[in-house]
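Inspection log for the structure reproduced underneath, given as structure tokens.
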């Protein structure tokens, strides 16, 4: 989770967050959300046929990376792919 650094202005922090989201492909160069490159927690729960609380537990445990916007989580499709490959049985 990104936090405001000591002595950093809110404007600089916002720019840093947007740059990070651009790097991750969540937003495009115009600062708008990129074309559906992420899932909501509910979409993943439906896709995996598990309860949404299971998704929240994976996020809290650090097993599934997510972005939090207010009270909502967004999971990058690439991070979901990484999560799946790590949880795959042999």
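Whether any residue in the range 64-83 is out of contact with any helix residue (DSSP H, G or I) (no Cβ under 9 Å at 6 or more places or on another chain) and in contact (Cβ under 8 Å) with a residue 60 or more places away in the chain is what I want to check. Explain how you work it out, then say what you get.
Applying the first criterion (out of contact with any helix residue (DSSP H, G or I) (no Cβ under 9 Å at 6 or more places or on another chain)) to the range 64-83 yields 69-71, 77, 81-82.
Pick out the ones that are also in contact (Cβ under 8 Å) with a residue 60 or more places away in the chain and you get none.
Scanning the range 64-83, I find no residue that is out of contact with any helix residue (DSSP H, G or I) (no Cβ under 9 Å at 6 or more places or on another chain) and in contact (Cβ under 8 Å) with a residue 60 or more places away in the chain, so the answer is no.
Among the conditions (1) surrounded by fewer than 14 Cβ atoms within 10 Å (Cβ to Cβ); (2) at pLDDT 90 or above; (3) out of contact with any strand residue (DSSP E or B) (no Cβ under 7 Å at 6 or more places or on another chain), residue 77 misses just one, which is (3).
Mind listing whichever residues of the range 63-76 are within 18 Å of residue 48 (Cα to Cα) and over 9 Å from the mean Cα position of the chain (by Cα)? Break it down into steps so the answer makes sense when it comes.
First, pick out the residues of the range 63-76 that are within 18 Å of residue 48 (Cα to Cα): 63-66, 73-76.
63, the sole residue that qualifies.
For the range 3-52, the tally of residues that are surrounded by fewer than 11 Cβ atoms within 10 Å (Cβ to Cβ) and under 26 Å from residue 83 (Cα atoms) stands at 7. Under the condition of being modelled with pLDDT under 95, touching a strand residue (DSSP E or B) at 6+ places or on another chain (Cβ under 9 Å) and closer than 19 Å to residue 2 by Cα, the residues counted in the range 18-59 number 8.
The values are calculated or read from the model by the stated rules, or taken from the named source; none is laboratory data. Owing to the predicted nature of the structure, the values given are computational and were not obtained by experimental measurement. Every residue, glycine as well, gets a Cβ built from its backbone with ideal geometry; the counts of neighbours run over all protein chains shown.
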